[in-house]
Amino acid sequence: MSAPAWLPVRTLSAQAFAPFGEVIEAGAGSAIPINGGTCLRHHDLARPCAAEPGSMSLSLFEAAAAPRPCALHLMERHRLGSQSFAPFGAALRMLVVVADARLAPAELAPHHLHAFVSNGQQGIHLRAGTWHHPLLSLTAGTWLVADRVAAQADCDVVPIDGWRLRCVA
């Protein structure tokens, strides 16, 4: 059996992540004082979308900490809506593995993958159709997730266990 291959991991930044979506963090957009100056609204950081039929939903994911090094098991995409993940109530780092939405399932290969690690205060917004590994929380905790809810299934899945890819953040 061959040795695992290692996927390089980059620091999550708006510029590096731009082909796949947006980084959600304070200071990234315009800040507007609201509520009589008691709050600062970091406005319009991402634009979740859902194709019809469907609507957007907010959920909380209680994630276990991913083992390290992280073994990558599958890539998935949701063509009819976007997804956003942000730490909820605590600083939580995540490993984000993505690939270009334009790739057909049969075309997806190890060299298409990009890996990023968040700083604990950042979230991400995945554009509709972006290939991604399911949530890899580096610390156990709760994540706020904006996701499409619809009667029809919208999840293409490509198993990648056979690629034997590993990441260390």
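Below, the figures for the structure above:
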item: Residue list for the range 26-37, filter: open to solvent by less than 60 Å² (accessible area, probe 1.4 Å) and part of a strand (DSSP E or B); result: A31, I34
item: The range 43-55, residues that are without any contact (Cβ under 8 Å) to a residue 24 or more places away in the chain and open to solvent by 90 Å² or more (accessible area, probe 1.4 Å); result: E52
item: Matching entry among L144, L40, L95, L58 (being assigned to a strand (DSSP E or B), under 12 Å from the mean Cα position of the chain (by Cα) and surrounded by fewer than 17 Cβ atoms within 10 Å (Cβ to Cβ)); result: L144
item: Extreme residue, nearest to W131 (Cα to Cα), among residues of the range 15-25 that are open to solvent by 50 Å² or more (accessible area, probe 1.4 Å) and within 13 Å of the chain's Cα centre (by Cα); result: P19
item: Meets criteria (open to solvent by 40 Å² or more (accessible area, probe 1.4 Å), among the acidic types (D, E) and at pLDDT 90 or above) for E107; result: yes
item: Where F88 falls short, out of the listed (1) over 19 Å from H42 (Cβ atoms); (2) of a type outside the set (A, V, I, L, M); (3) touching a Leu at 6+ places or on another chain (Cβ under 9 Å); result: (1)
item: Count of the range 61-92 residues which are in a loop (DSSP other than H, G, I, E, B), open to solvent by less than 20 Å² (accessible area, probe 1.4 Å) and in contact with a Gly (Cβ under 9 Å, 6 or more places away or on another chain); result: 2
item: Condition check for A169: assigned to a strand (DSSP E or B) and not polar (S, T, N, Q); result: no
item: Flag if M56 is more than 20 Å from V157 (Cα to Cα) and in contact with a Lys or Arg (Cβ under 7 Å, 6 or more places away or on another chain); result: yes
item: Selection status of A26, farther than 23 Å from R148 by Cα and in contact with a helix residue (DSSP H, G or I) (Cβ under 9 Å, 6 or more places away or on another chain); result: no
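The values are calculated or read from the model by the stated rules, or taken from the named source; none is laboratory data. Bear in mind the structure is a predicted one, so any value in this text is a computation, not a measurement. Note: ideal-geometry Cβ built from the backbone for every residue, glycine included; neighbour counts use all protein chains shown. These area figures cover heavy atoms from the full protein model, side chains too; ligands, DNA and RNA do not enter into them. Shrake-Rupley method; radii C 1.70, N 1.55, O 1.52, S 1.80 Å.
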